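Read through the structure below, which is laid out as C-alpha coordinates, and then see the notes.
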Amino acid sequence: MITFKNVSKLYKPDTKALDGISFHVRPGEFVSIVGTSGSGKTTLAKLLFAEEKPTGGSIHVGDWDISRIRRSEVPALRRQIGVVFQDYKLLPKKTAYENAAFALEVAGAPASRIREVVPQVLKIVGLADKMHRYPRQLSGGEQQRVSIARALVHRPKIILADEPTGNLDAITSREIVELLKRINDVGTTVILVTHDRDIVNAMRKRVITIQNGKIVSDAEHGKYHLG
Amino acid sequence: MRSLLRLVKFALQSVFRNFWLSFVTTSVLLLTLLTVNMLIVLNVLADSTIKSIQDKVQVEVYFNAGTSEEIEKSVHGYLQALPQVKDVAVIPATQSLETFKSLHADDPEVLAALDEVGGNPIGDSLLISANNPDDFEFILAALDSSPEYAPYIKEKNYADHKAVIERLSGFSDKVRLGGLGLAGFFALISVLIVFNTIRVAIYVHRDEIAVMKLVGAPDWFVRGPFLLEAIFYSAAATALMGVGATLILKFLEPQIQSFFAGVDVNLAAYYWENLAIIFGAQFLALSALSMITTLFAMRKYLKT
(Lines give C-alpha, C1' and ligand atoms only; values in the text may rest on other atoms or scores of the structure.)
Protein backbone atom coordinates (compact mmCIF):
# COMPACT_ATOMS: atom_id res chain seq x y z
CA MET A 1 0.00 0.00 0.00
CA ILE A 2 2.65 2.54 1.11
CA THR A 3 6.35 2.01 0.47
CA PHE A 4 9.18 4.35 1.42
CA LYS A 5 12.49 3.29 -0.10
CA ASN A 6 15.65 4.98 1.14
CA VAL A 7 13.88 8.35 1.29
CA SER A 8 15.80 11.44 2.27
CA LYS A 9 14.85 15.09 2.48
CA LEU A 10 17.31 17.94 2.66
CA TYR A 11 16.44 21.55 3.42
CA LYS A 12 18.85 24.20 2.29
CA PRO A 13 21.48 24.93 3.33
CA ASP A 14 22.33 21.74 5.22
CA THR A 15 19.39 20.44 7.30
CA LYS A 16 18.79 16.73 6.82
CA ALA A 17 15.13 16.21 7.85
CA LEU A 18 14.99 12.59 6.67
CA ASP A 19 17.95 10.32 6.08
CA GLY A 20 17.47 7.05 4.19
CA ILE A 21 14.01 6.12 5.52
CA SER A 22 12.58 2.77 4.35
CA PHE A 23 9.39 1.05 5.48
CA HIS A 24 6.27 -0.60 4.09
CA VAL A 25 2.68 -0.27 5.27
CA ARG A 26 0.20 -3.03 4.41
CA PRO A 27 -3.44 -2.30 3.53
CA GLY A 28 -5.65 -1.96 6.62
CA GLU A 29 -2.75 -1.36 9.02
CA PHE A 30 -2.77 1.23 11.81
CA VAL A 31 0.71 2.69 12.06
CA SER A 32 1.87 5.33 14.50
CA ILE A 33 4.89 7.34 13.48
CA VAL A 34 6.40 8.85 16.59
CA GLY A 35 9.32 11.07 17.35
CA THR A 36 10.29 14.18 19.26
CA SER A 37 9.91 17.65 17.78
CA GLY A 38 12.25 18.10 14.83
CA SER A 39 12.73 14.35 14.37
CA GLY A 40 11.34 14.50 10.82
CA LYS A 41 7.92 12.90 11.31
CA THR A 42 5.96 15.88 9.97
CA THR A 43 8.29 16.05 6.96
CA LEU A 44 7.46 12.41 6.37
CA ALA A 45 3.73 13.24 6.47
CA LYS A 46 4.23 16.13 4.03
CA LEU A 47 6.02 13.82 1.62
CA LEU A 48 3.17 11.33 1.84
CA PHE A 49 0.54 13.76 0.55
CA ALA A 50 2.93 15.47 -1.84
CA GLU A 51 3.15 18.81 -0.08
CA GLU A 52 6.88 18.36 -0.51
CA LYS A 53 9.09 16.22 -2.72
CA PRO A 54 11.86 13.95 -1.43
CA THR A 55 15.45 14.83 -2.23
CA GLY A 56 16.30 11.14 -2.73
CA GLY A 57 14.68 7.72 -2.74
CA SER A 58 11.16 6.76 -3.80
CA ILE A 59 7.69 6.78 -2.28
CA HIS A 60 4.86 4.63 -3.62
CA VAL A 61 1.26 4.94 -2.52
CA GLY A 62 -0.84 2.37 -4.33
CA ASP A 63 -0.05 2.90 -7.99
CA TRP A 64 1.33 6.39 -7.46
CA ASP A 65 5.03 7.14 -7.48
CA ILE A 66 4.86 10.25 -5.33
CA SER A 67 8.53 11.04 -5.68
CA ARG A 68 7.93 11.66 -9.39
CA ILE A 69 4.39 12.98 -9.27
CA ARG A 70 3.53 15.87 -11.59
CA ARG A 71 2.02 19.02 -10.10
CA SER A 72 -1.17 18.48 -12.07
CA GLU A 73 -1.60 14.99 -10.55
CA VAL A 74 -1.34 16.16 -6.94
CA PRO A 75 -5.05 17.10 -6.52
CA ALA A 76 -6.11 13.61 -7.65
CA LEU A 77 -3.68 11.99 -5.18
CA ARG A 78 -4.93 14.17 -2.33
CA ARG A 79 -8.48 13.12 -3.03
CA GLN A 80 -7.41 9.52 -2.41
CA ILE A 81 -5.66 10.17 0.88
CA GLY A 82 -7.74 11.66 3.69
CA VAL A 83 -5.58 14.06 5.66
CA VAL A 84 -6.23 15.28 9.20
CA PHE A 85 -4.13 18.13 10.54
CA GLN A 86 -3.25 19.35 14.02
CA ASP A 87 -4.73 22.80 13.28
CA TYR A 88 -7.81 21.26 11.57
CA LYS A 89 -7.37 23.42 8.44
CA LEU A 90 -11.07 24.06 8.04
CA LEU A 91 -12.49 26.77 5.79
CA PRO A 92 -13.67 29.35 8.34
CA LYS A 93 -16.50 30.74 6.21
CA LYS A 94 -18.03 27.34 5.52
CA THR A 95 -20.20 25.29 7.87
CA ALA A 96 -19.23 21.82 9.06
CA TYR A 97 -21.43 20.37 6.32
CA GLU A 98 -19.93 22.64 3.66
CA ASN A 99 -16.37 21.86 4.78
CA ALA A 100 -16.98 18.15 4.44
CA ALA A 101 -18.89 18.63 1.18
CA PHE A 102 -16.11 20.78 -0.28
CA ALA A 103 -13.79 17.77 -0.60
CA LEU A 104 -16.42 16.08 -2.77
CA GLU A 105 -17.32 19.22 -4.70
CA VAL A 106 -13.73 19.78 -5.84
CA ALA A 107 -13.78 16.23 -7.21
CA GLY A 108 -16.91 17.00 -9.23
CA ALA A 109 -19.18 14.65 -7.28
CA PRO A 110 -22.87 15.00 -8.13
CA ALA A 111 -25.04 16.93 -5.67
CA SER A 112 -27.15 13.85 -4.93
CA ARG A 113 -24.07 11.92 -3.78
CA ILE A 114 -22.95 14.85 -1.63
CA ARG A 115 -26.38 15.07 -0.01
CA GLU A 116 -26.21 11.36 0.73
CA VAL A 117 -22.60 10.97 1.90
CA VAL A 118 -21.91 14.11 3.92
CA PRO A 119 -24.66 13.66 6.54
CA GLN A 120 -23.65 10.00 6.89
CA VAL A 121 -20.03 10.88 7.54
CA LEU A 122 -20.92 13.70 9.93
CA LYS A 123 -23.07 11.19 11.81
CA ILE A 124 -20.12 8.78 12.02
CA VAL A 125 -17.96 11.48 13.63
CA GLY A 126 -20.80 12.45 15.97
CA LEU A 127 -21.68 15.84 14.52
CA ALA A 128 -25.06 15.13 12.96
CA ASP A 129 -26.69 17.78 15.15
CA LYS A 130 -24.03 20.45 14.51
CA MET A 131 -23.52 20.15 10.78
CA HIS A 132 -24.70 23.69 10.05
CA ARG A 133 -22.37 25.37 12.49
CA TYR A 134 -19.30 27.31 11.43
CA PRO A 135 -15.88 26.21 12.75
CA ARG A 136 -15.79 29.16 15.19
CA GLN A 137 -18.99 27.83 16.74
CA LEU A 138 -17.42 24.41 17.45
CA SER A 139 -14.96 23.22 20.12
CA GLY A 140 -11.45 22.06 19.16
CA GLY A 141 -12.48 18.40 19.34
CA GLU A 142 -15.54 19.07 17.20
CA GLN A 143 -13.47 20.94 14.64
CA GLN A 144 -11.11 17.97 14.47
CA ARG A 145 -14.12 15.70 13.93
CA VAL A 146 -15.16 17.91 10.99
CA SER A 147 -11.62 17.57 9.66
CA ILE A 148 -11.91 13.76 9.97
CA ALA A 149 -15.33 13.83 8.30
CA ARG A 150 -13.85 15.80 5.41
CA ALA A 151 -11.04 13.23 5.15
CA LEU A 152 -13.58 10.42 5.06
CA VAL A 153 -16.06 11.67 2.45
CA HIS A 154 -14.04 10.20 -0.42
CA ARG A 155 -14.00 6.84 1.37
CA PRO A 156 -10.21 6.90 1.05
CA LYS A 157 -8.07 3.80 1.46
CA ILE A 158 -5.61 5.80 3.57
CA ILE A 159 -6.11 8.32 6.36
CA LEU A 160 -3.07 10.35 7.32
CA ALA A 161 -3.43 12.13 10.66
CA ASP A 162 -0.64 14.58 11.42
CA GLU A 163 -0.66 15.32 15.17
CA PRO A 164 -4.48 15.26 15.25
CA THR A 165 -4.53 15.55 19.04
CA GLY A 166 -1.87 18.22 19.33
CA ASN A 167 -4.35 20.97 20.23
CA LEU A 168 -6.76 18.86 22.26
CA ASP A 169 -7.13 17.89 25.92
CA ALA A 170 -6.52 14.28 27.04
CA ILE A 171 -10.17 13.17 27.00
CA THR A 172 -10.92 14.68 23.59
CA SER A 173 -7.64 13.24 22.27
CA ARG A 174 -8.71 9.76 23.29
CA GLU A 175 -12.08 10.27 21.58
CA ILE A 176 -10.39 11.31 18.36
CA VAL A 177 -8.02 8.33 18.44
CA GLU A 178 -10.95 6.01 19.14
CA LEU A 179 -12.63 7.46 16.08
CA LEU A 180 -9.49 6.76 14.01
CA LYS A 181 -9.42 3.19 15.35
CA ARG A 182 -13.05 2.68 14.32
CA ILE A 183 -12.19 3.96 10.85
CA ASN A 184 -9.27 1.49 10.79
CA ASP A 185 -11.54 -1.33 11.91
CA VAL A 186 -13.55 -1.03 8.70
CA GLY A 187 -10.40 -1.55 6.64
CA THR A 188 -8.96 1.94 6.12
CA THR A 189 -5.20 2.22 6.51
CA VAL A 190 -4.41 4.83 9.16
CA ILE A 191 -1.07 6.60 9.54
CA LEU A 192 -0.99 8.51 12.80
CA VAL A 193 1.88 10.95 13.22
CA THR A 194 2.16 11.91 16.89
CA HIS A 195 4.38 12.56 19.85
CA ASP A 196 1.63 11.72 22.39
CA ARG A 197 3.07 8.91 24.53
CA ASP A 198 -0.21 7.93 26.25
CA ILE A 199 -2.12 7.52 23.02
CA VAL A 200 0.59 5.40 21.38
CA ASN A 201 1.04 3.16 24.41
CA ALA A 202 -2.71 2.62 24.84
CA MET A 203 -3.20 1.44 21.28
CA ARG A 204 -0.73 -1.45 21.05
CA LYS A 205 -0.45 -1.10 17.28
CA ARG A 206 2.59 -0.86 15.02
CA VAL A 207 4.91 2.00 15.98
CA ILE A 208 7.68 3.44 13.81
CA THR A 209 10.02 5.65 15.80
CA ILE A 210 12.03 8.36 14.07
CA GLN A 211 14.97 10.20 15.54
CA ASN A 212 17.18 12.70 13.76
CA GLY A 213 15.60 11.79 10.44
CA LYS A 214 16.24 8.04 10.77
CA ILE A 215 14.04 5.13 11.79
CA VAL A 216 15.34 3.89 15.14
CA SER A 217 12.66 1.24 15.71
CA ASP A 218 9.75 -0.37 13.91
CA ALA A 219 7.75 -2.58 16.32
CA GLU A 220 4.54 -4.47 15.48
CA HIS A 221 2.92 -3.88 18.92
CA GLY A 222 5.20 -1.10 19.92
CA LYS A 223 5.38 1.48 22.63
CA TYR A 224 6.58 5.05 22.79
CA HIS A 225 10.05 4.76 24.26
CA LEU A 226 11.65 8.11 23.55
CA GLY A 227 12.89 10.30 26.39
CA MET B 1 -21.60 22.88 -16.01
CA ARG B 2 -21.95 21.41 -12.52
CA SER B 3 -18.51 22.72 -11.62
CA LEU B 4 -19.28 26.16 -13.05
CA LEU B 5 -22.42 26.41 -10.95
CA ARG B 6 -20.40 25.38 -7.91
CA LEU B 7 -17.82 28.07 -8.65
CA VAL B 8 -20.60 30.66 -8.89
CA LYS B 9 -22.09 29.38 -5.62
CA PHE B 10 -18.70 29.54 -3.84
CA ALA B 11 -18.04 33.01 -5.23
CA LEU B 12 -21.42 34.32 -4.07
CA GLN B 13 -20.98 32.68 -0.66
CA SER B 14 -17.60 34.32 -0.32
CA VAL B 15 -18.94 37.73 -1.36
CA PHE B 16 -21.71 37.66 1.25
CA ARG B 17 -19.89 35.83 4.05
CA ASN B 18 -16.92 38.20 3.82
CA PHE B 19 -19.26 41.17 3.70
CA TRP B 20 -16.87 43.86 4.91
CA LEU B 21 -14.05 42.77 2.64
CA SER B 22 -16.50 42.73 -0.27
CA PHE B 23 -17.80 46.15 0.78
CA VAL B 24 -14.33 47.69 0.95
CA THR B 25 -13.22 46.13 -2.35
CA THR B 26 -16.36 47.29 -4.16
CA SER B 27 -16.00 50.77 -2.63
CA VAL B 28 -12.45 51.10 -3.91
CA LEU B 29 -13.54 49.98 -7.37
CA LEU B 30 -16.42 52.47 -7.17
CA LEU B 31 -14.05 55.30 -6.26
CA THR B 32 -11.88 54.32 -9.21
CA LEU B 33 -14.89 54.55 -11.52
CA LEU B 34 -15.87 57.86 -9.93
CA THR B 35 -12.47 59.26 -10.93
CA VAL B 36 -12.91 57.95 -14.47
CA ASN B 37 -16.41 59.44 -14.74
CA MET B 38 -15.29 62.79 -13.38
CA LEU B 39 -12.72 62.87 -16.16
CA ILE B 40 -15.41 62.00 -18.69
CA VAL B 41 -17.63 64.83 -17.38
CA LEU B 42 -14.74 67.30 -17.46
CA ASN B 43 -13.93 66.24 -20.99
CA VAL B 44 -17.55 66.64 -22.14
CA LEU B 45 -17.79 70.08 -20.48
CA ALA B 46 -14.50 71.24 -21.99
CA ASP B 47 -15.52 69.94 -25.42
CA SER B 48 -18.95 71.59 -25.24
CA THR B 49 -17.47 74.88 -24.11
CA ILE B 50 -14.83 74.92 -26.83
CA LYS B 51 -17.36 73.89 -29.44
CA SER B 52 -19.74 76.60 -28.31
CA ILE B 53 -17.00 79.22 -28.59
CA GLN B 54 -15.98 77.84 -31.97
CA ASP B 55 -19.60 78.04 -33.10
CA LYS B 56 -19.60 81.75 -32.29
CA VAL B 57 -16.65 82.48 -34.58
CA GLN B 58 -17.96 83.96 -37.86
CA VAL B 59 -16.19 85.63 -40.73
CA GLU B 60 -17.72 88.46 -42.74
CA VAL B 61 -17.15 88.91 -46.48
CA TYR B 62 -17.98 92.39 -47.83
CA PHE B 63 -19.11 92.93 -51.42
CA ASN B 64 -18.15 95.96 -53.44
CA ALA B 65 -20.84 98.58 -53.44
CA GLY B 66 -23.20 98.10 -56.31
CA THR B 67 -22.67 94.37 -56.62
CA SER B 68 -25.82 92.91 -58.11
CA GLU B 69 -28.17 90.81 -56.03
CA GLU B 70 -27.75 88.05 -58.57
CA ILE B 71 -23.99 87.85 -57.94
CA GLU B 72 -24.55 88.00 -54.19
CA LYS B 73 -27.00 85.11 -54.42
CA SER B 74 -24.58 83.18 -56.59
CA VAL B 75 -21.72 83.65 -54.06
CA HIS B 76 -24.11 82.74 -51.27
CA GLY B 77 -25.02 79.52 -53.10
CA TYR B 78 -21.39 78.75 -53.90
CA LEU B 79 -20.33 79.08 -50.26
CA GLN B 80 -23.35 77.24 -48.92
CA ALA B 81 -22.44 74.28 -51.15
CA LEU B 82 -19.01 73.89 -49.56
CA PRO B 83 -19.03 71.04 -47.02
CA GLN B 84 -16.87 73.07 -44.65
CA VAL B 85 -19.53 75.81 -44.43
CA LYS B 86 -22.11 75.53 -41.73
CA ASP B 87 -24.19 78.56 -42.54
CA VAL B 88 -24.13 81.73 -44.65
CA ALA B 89 -26.28 84.76 -43.90
CA VAL B 90 -26.72 87.85 -46.09
CA ILE B 91 -26.24 91.12 -44.21
CA PRO B 92 -27.69 94.25 -45.87
CA ALA B 93 -25.30 97.12 -46.71
CA THR B 94 -26.50 99.42 -43.92
CA GLN B 95 -25.92 96.79 -41.29
CA SER B 96 -22.57 95.92 -42.89
CA LEU B 97 -21.47 99.54 -42.59
CA GLU B 98 -22.41 99.63 -38.93
CA THR B 99 -20.49 96.42 -38.30
CA PHE B 100 -17.50 97.75 -40.26
CA LYS B 101 -17.53 100.97 -38.23
CA SER B 102 -17.78 99.22 -34.92
CA LEU B 103 -14.93 96.89 -35.87
CA HIS B 104 -12.73 99.89 -36.69
CA ALA B 105 -13.95 102.12 -33.90
CA ASP B 106 -10.42 102.59 -32.61
CA ASP B 107 -8.94 103.20 -36.05
CA PRO B 108 -9.50 106.94 -36.75
CA GLU B 109 -7.81 106.79 -40.16
CA VAL B 110 -10.30 104.25 -41.49
CA LEU B 111 -13.25 106.18 -40.03
CA ALA B 112 -11.91 109.45 -41.55
CA ALA B 113 -11.56 107.77 -44.92
CA LEU B 114 -15.16 106.57 -44.70
CA ASP B 115 -16.34 110.14 -43.96
CA GLU B 116 -14.33 111.47 -46.88
CA VAL B 117 -15.87 109.00 -49.28
CA GLY B 118 -19.33 109.81 -47.96
CA GLY B 119 -22.40 107.61 -48.28
CA ASN B 120 -22.00 103.87 -47.95
CA PRO B 121 -19.04 102.57 -49.92
CA ILE B 122 -19.65 99.07 -48.58
CA GLY B 123 -22.03 96.74 -50.29
CA ASP B 124 -23.94 93.92 -48.72
CA SER B 125 -21.96 91.31 -46.86
CA LEU B 126 -22.08 87.59 -46.09
CA LEU B 127 -21.70 86.23 -42.56
CA ILE B 128 -20.10 82.80 -42.75
CA SER B 129 -20.11 80.15 -40.03
CA ALA B 130 -17.83 77.15 -40.51
CA ASN B 131 -18.17 73.63 -39.15
CA ASN B 132 -14.65 74.04 -37.83
CA PRO B 133 -12.95 77.43 -37.43
CA ASP B 134 -9.79 75.94 -38.90
CA ASP B 135 -11.69 75.64 -42.21
CA PHE B 136 -12.09 79.41 -42.69
CA GLU B 137 -8.75 79.64 -44.43
CA PHE B 138 -9.89 77.03 -46.96
CA ILE B 139 -13.31 78.62 -47.45
CA LEU B 140 -11.89 82.08 -48.11
CA ALA B 141 -9.17 80.69 -50.35
CA ALA B 142 -11.89 78.97 -52.37
CA LEU B 143 -13.63 82.32 -52.76
CA ASP B 144 -10.39 84.10 -53.71
CA SER B 145 -9.45 81.51 -56.29
CA SER B 146 -12.79 81.79 -58.03
CA PRO B 147 -12.35 84.25 -60.97
CA GLU B 148 -16.12 84.46 -61.15
CA TYR B 149 -16.58 85.94 -57.68
CA ALA B 150 -13.22 87.30 -56.51
CA PRO B 151 -13.58 90.70 -58.31
CA TYR B 152 -16.79 91.48 -56.34
CA ILE B 153 -15.24 90.94 -52.92
CA LYS B 154 -14.09 94.13 -51.27
CA GLU B 155 -12.85 92.88 -47.95
CA LYS B 156 -12.86 89.97 -45.54
CA ASN B 157 -12.45 90.38 -41.81
CA TYR B 158 -10.74 87.01 -41.48
CA ALA B 159 -7.40 88.56 -40.59
CA ASP B 160 -9.03 90.10 -37.48
CA HIS B 161 -10.29 86.66 -36.38
CA LYS B 162 -7.31 84.64 -37.50
CA ALA B 163 -5.32 85.12 -34.29
CA VAL B 164 -8.37 84.30 -32.14
CA ILE B 165 -9.14 81.18 -34.18
CA GLU B 166 -5.57 80.00 -33.99
CA ARG B 167 -5.43 80.62 -30.25
CA LEU B 168 -8.74 78.79 -29.80
CA SER B 169 -7.54 75.82 -31.82
CA GLY B 170 -4.33 75.75 -29.83
CA PHE B 171 -6.26 75.98 -26.55
CA SER B 172 -8.64 73.23 -27.59
CA ASP B 173 -5.73 70.96 -28.52
CA LYS B 174 -4.06 71.70 -25.21
CA VAL B 175 -7.27 70.95 -23.28
CA ARG B 176 -7.62 67.62 -25.08
CA LEU B 177 -3.96 66.75 -24.52
CA GLY B 178 -4.17 67.83 -20.88
CA GLY B 179 -7.35 65.78 -20.41
CA LEU B 180 -5.64 62.78 -21.93
CA GLY B 181 -2.61 63.23 -19.68
CA LEU B 182 -4.83 63.66 -16.62
CA ALA B 183 -6.86 60.59 -17.58
CA GLY B 184 -3.65 58.59 -18.01
CA PHE B 185 -2.35 59.77 -14.64
CA PHE B 186 -5.57 58.89 -12.82
CA ALA B 187 -5.84 55.61 -14.70
CA LEU B 188 -2.38 54.69 -13.42
CA ILE B 189 -3.35 55.62 -9.84
CA SER B 190 -6.59 53.64 -10.23
CA VAL B 191 -4.71 50.59 -11.51
CA LEU B 192 -2.36 50.72 -8.52
CA ILE B 193 -5.22 51.12 -6.04
CA VAL B 194 -7.25 48.26 -7.56
CA PHE B 195 -4.13 46.12 -7.75
CA ASN B 196 -3.35 46.60 -4.07
CA THR B 197 -6.94 46.19 -2.91
CA ILE B 198 -7.30 42.86 -4.70
CA ARG B 199 -3.90 41.75 -3.41
CA VAL B 200 -4.99 42.48 0.15
CA ALA B 201 -8.28 40.63 -0.45
CA ILE B 202 -6.39 37.58 -1.74
CA TYR B 203 -3.90 37.83 1.14
CA VAL B 204 -6.81 37.63 3.59
CA HIS B 205 -7.86 34.39 1.87
CA ARG B 206 -4.37 32.84 1.74
CA ASP B 207 -5.06 30.15 4.39
CA GLU B 208 -8.30 29.26 2.69
CA ILE B 209 -6.50 28.83 -0.62
CA ALA B 210 -3.94 26.54 1.06
CA VAL B 211 -6.74 24.43 2.58
CA MET B 212 -8.50 24.13 -0.77
CA LYS B 213 -5.28 22.83 -2.27
CA LEU B 214 -4.72 20.39 0.60
CA VAL B 215 -8.11 18.74 0.14
CA GLY B 216 -7.37 18.16 -3.51
CA ALA B 217 -8.86 21.14 -5.32
CA PRO B 218 -7.23 21.64 -8.72
CA ASP B 219 -5.81 25.11 -9.43
CA TRP B 220 -8.70 26.16 -11.67
CA PHE B 221 -11.21 25.23 -8.97
CA VAL B 222 -9.35 27.37 -6.43
CA ARG B 223 -8.95 30.29 -8.85
CA GLY B 224 -12.50 30.16 -10.23
CA PRO B 225 -14.43 31.65 -7.29
CA PHE B 226 -11.88 34.43 -6.82
CA LEU B 227 -12.03 35.37 -10.50
CA LEU B 228 -15.82 35.36 -10.38
CA GLU B 229 -15.69 37.48 -7.23
CA ALA B 230 -13.56 39.99 -9.13
CA ILE B 231 -16.26 40.10 -11.84
CA PHE B 232 -19.04 40.46 -9.26
CA TYR B 233 -17.23 43.34 -7.53
CA SER B 234 -16.66 45.05 -10.89
CA ALA B 235 -20.31 44.56 -11.86
CA ALA B 236 -21.52 45.90 -8.51
CA ALA B 237 -19.20 48.92 -8.71
CA THR B 238 -20.26 49.67 -12.31
CA ALA B 239 -23.96 49.31 -11.47
CA LEU B 240 -23.60 51.58 -8.42
CA MET B 241 -21.67 54.08 -10.54
CA GLY B 242 -24.42 54.00 -13.16
CA VAL B 243 -27.13 54.67 -10.58
CA GLY B 244 -24.94 57.26 -8.84
CA ALA B 245 -24.16 59.06 -12.10
CA THR B 246 -27.85 59.18 -13.01
CA LEU B 247 -28.81 60.66 -9.64
CA ILE B 248 -25.90 63.11 -9.51
CA LEU B 249 -26.54 64.33 -13.05
CA LYS B 250 -30.25 64.68 -12.37
CA PHE B 251 -29.43 66.82 -9.36
CA LEU B 252 -26.58 68.81 -10.91
CA GLU B 253 -27.86 69.22 -14.49
CA PRO B 254 -29.87 72.43 -13.79
CA GLN B 255 -26.89 73.96 -11.97
CA ILE B 256 -24.51 72.97 -14.77
CA GLN B 257 -26.93 74.33 -17.39
CA SER B 258 -27.21 77.67 -15.63
CA PHE B 259 -23.45 77.87 -14.96
CA PHE B 260 -22.69 77.18 -18.61
CA ALA B 261 -25.47 79.42 -19.90
CA GLY B 262 -25.33 79.71 -23.65
CA VAL B 263 -23.26 76.57 -24.01
CA ASP B 264 -25.02 73.58 -25.45
CA VAL B 265 -24.16 71.08 -22.73
CA ASN B 266 -26.39 68.17 -21.76
CA LEU B 267 -24.47 65.68 -19.68
CA ALA B 268 -27.46 63.48 -18.88
CA ALA B 269 -28.26 63.15 -22.58
CA TYR B 270 -24.61 62.42 -23.34
CA TYR B 271 -24.54 59.66 -20.72
CA TRP B 272 -27.86 58.27 -21.87
CA GLU B 273 -26.83 58.18 -25.53
CA ASN B 274 -23.50 56.51 -24.72
CA LEU B 275 -24.71 54.39 -21.80
CA ALA B 276 -23.68 51.01 -23.19
CA ILE B 277 -20.27 52.21 -24.34
CA ILE B 278 -19.42 54.22 -21.22
CA PHE B 279 -20.44 51.67 -18.60
CA GLY B 280 -19.76 48.61 -20.77
CA ALA B 281 -16.19 49.74 -21.31
CA GLN B 282 -15.80 50.61 -17.62
CA PHE B 283 -17.12 47.19 -16.57
CA LEU B 284 -14.91 45.32 -19.02
CA ALA B 285 -11.78 47.32 -18.13
CA LEU B 286 -12.40 46.97 -14.39
CA SER B 287 -13.16 43.24 -14.66
CA ALA B 288 -10.05 42.63 -16.74
CA LEU B 289 -7.90 44.60 -14.32
CA SER B 290 -9.37 42.85 -11.25
CA MET B 291 -9.05 39.41 -12.81
CA ILE B 292 -5.46 39.92 -13.92
CA THR B 293 -4.60 41.21 -10.44
CA THR B 294 -6.39 38.25 -8.85
CA LEU B 295 -4.45 35.76 -10.95
CA PHE B 296 -1.22 37.56 -10.20
CA ALA B 297 -1.90 37.83 -6.46
CA MET B 298 -2.94 34.16 -6.16
CA ARG B 299 0.14 32.74 -7.81
CA LYS B 300 2.29 32.34 -4.74
CA TYR B 301 -0.52 30.86 -2.62
CA LEU B 302 -1.20 28.14 -5.18
CA LYS B 303 2.22 26.57 -4.85
CA THR B 304 1.42 24.21 -1.94
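Per-structure values
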item	result
Test: residue in the range B:211-228 that is without any contact (Cβ under 8 Å) to a residue 60 or more places away in the chain, assigned to a helix (DSSP H, G or I) and of a type in the set (Lys, Arg)	no
For A:Glu116: the one exception among (1) surrounded by fewer than 17 Cβ atoms within 10 Å (Cβ to Cβ); (2) assigned to a loop (DSSP other than H, G, I, E, B)	(2)
Hits in the range B:7-33 - residues which are surrounded by 18 or more Cβ atoms within 10 Å (Cβ to Cβ) and away from chain A (no Cβ under 14 Å)	B:Thr25, B:Thr26, B:Val28, B:Leu29, B:Leu30, B:Thr32, B:Leu33
Selection within the range A:62-78 - closer than 27 Å to A:Glu105 by Cβ, out of contact with any helix residue (DSSP H, G or I) (no Cβ under 7 Å at 6 or more places or on another chain) and not in a helix (DSSP H, G or I)	A:Gly62, A:Asp63, A:Arg70
Failed item in (1) in contact (Cβ under 8 Å) with a residue 40 or more places away in the chain; (2) within 30 Å of A:Leu10 (Cα to Cα); (3) outside any helix (DSSP H, G or I), with A:His154 passing the rest	(2)
Residues that are over 17 Å from B:Arg299 (Cβ atoms) and touching a Pro at 6+ places or on another chain (Cβ under 8 Å), drawn from the range B:182-236	B:Gly216
Identity of the residue in the range A:22-60, within 14 Å of chain B (Cβ to nearest Cβ) and of a type in the set (A, V, I, L, M, F, W, C), that ends up nearest to A:Val207 (Cα to Cα)	A:Ala45
Which listed residue, of A:Lys89, A:Lys93, is at the interface with chain B (Cβ under 8 Å from one of its Cβ atoms), of a type outside the set (Val, Ile, Thr) and at positive phi	A:Lys89
Options B:Phe221, B:Phe251: the member that is of a type in the set (A, V, I, L, M, F, W, C) and either in contact with a helix residue (DSSP H, G or I) (Cβ under 9 Å, 6 or more places away or on another chain) or within 14 Å of chain A (Cβ to nearest Cβ) (or both)	B:Phe221
Options B:Glu229, B:Glu208; residue that is at pLDDT 85 or above and buried (at least 16 other Cβ atoms within 10 Å of the Cβ)	B:Glu229
Within the range A:65-78, considering residues that are surrounded by 18 or more Cβ atoms within 10 Å (Cβ to Cβ) and either in contact with a Leu (Cβ under 9 Å, 6 or more places away or on another chain) or more than 9 Å from every other protein chain (Cβ to nearest Cβ) (or both), the one farthest from A:Ser147 (Cα to Cα)	A:Ser67
Only one of A:Ala107, A:Ala151 that is touching a strand residue (DSSP E or B) at 6+ places or on another chain (Cβ under 8 Å) and either away from every other protein chain (no Cβ under 14 Å) or within 23 Å of A:Glu51 (Cβ to Cβ) (or both)	A:Ala151
Any hit, the range A:66-84, residues being at positive phi and in contact (Cβ under 8 Å) with a residue 12 or more places away in the chain	no
Any hit, the range A:116-133, residues being more than 22 Å from A:Thr188 (Cα to Cα), within 14 Å of chain B (Cβ to nearest Cβ) and out of contact with any helix residue (DSSP H, G or I) (no Cβ under 7 Å at 6 or more places or on another chain)	no
Residue, surrounded by the most Cβ atoms within 10 Å (Cβ to Cβ), within the range B:188-205, restricted to residues that are touching a residue at least 60 places away in the same chain (Cβ under 8 Å) and under 32 Å from the mean Cα position of the chain (by Cα)	B:Ile198
Per-region count, the range A:85-113, residues in a strand (DSSP E or B) and farther than 22 Å from A:Val7 by Cβ	0
Scope the range A:84-96; condition farther than 19 Å from B:Asn18 by Cβ and surrounded by fewer than 24 Cβ atoms within 10 Å (Cβ to Cβ); matching residues	A:Phe85, A:Gln86, A:Asp87, A:Tyr88
Residue ranges of helices (runs of 4 or more DSSP H) in the range B:84-160 with at least 3 members among the charged types (D, E, K, R) and loosely packed, with under 13 Cβ neighbours inside 10 Å	B:108-117
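For (1) assigned to a loop (DSSP other than H, G, I, E, B); (2) buried (at least 16 other Cβ atoms within 10 Å of the Cβ); (3) of a type in the set (A, V, I, L, M); (4) in contact (Cβ under 8 Å) with a residue 40 or more places away in the chain, each residue gets a yes or a no:
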residue	(1), (2), (3), (4)
B:Ala235	no, no, yes, yes
B:Thr246	no, no, no, no
B:Lys250	no, no, no, no
B:Ala261	yes, no, yes, no
B:Tyr270	no, yes, no, yes
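Matching residues to (1) under 16 Å from the mean Cα position of the chain (by Cα); (2) outside any strand (DSSP E or B); (3) in the same structural domain as A:Asp162 (by TED's automatic domain parsing):
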position: A:Val7; (1), (2), (3): no, no, yes
position: A:Ala17; (1), (2), (3): no, no, yes
position: A:Gly20; (1), (2), (3): no, no, yes
position: A:Phe23; (1), (2), (3): no, no, yes
position: A:Gly28; (1), (2), (3): yes, yes, yes
position: A:Val31; (1), (2), (3): yes, no, yes
position: A:Ser39; (1), (2), (3): no, yes, yes
position: A:Thr42; (1), (2), (3): yes, yes, yes
position: A:Lys46; (1), (2), (3): yes, yes, yes
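The values are calculated or read from the model by the stated rules, or taken from the named source; none is laboratory data. All values derive from a computational prediction rather than experimental measurement. Note: ideal-geometry Cβ built from the backbone for every residue, glycine included; neighbour counts use all protein chains shown.
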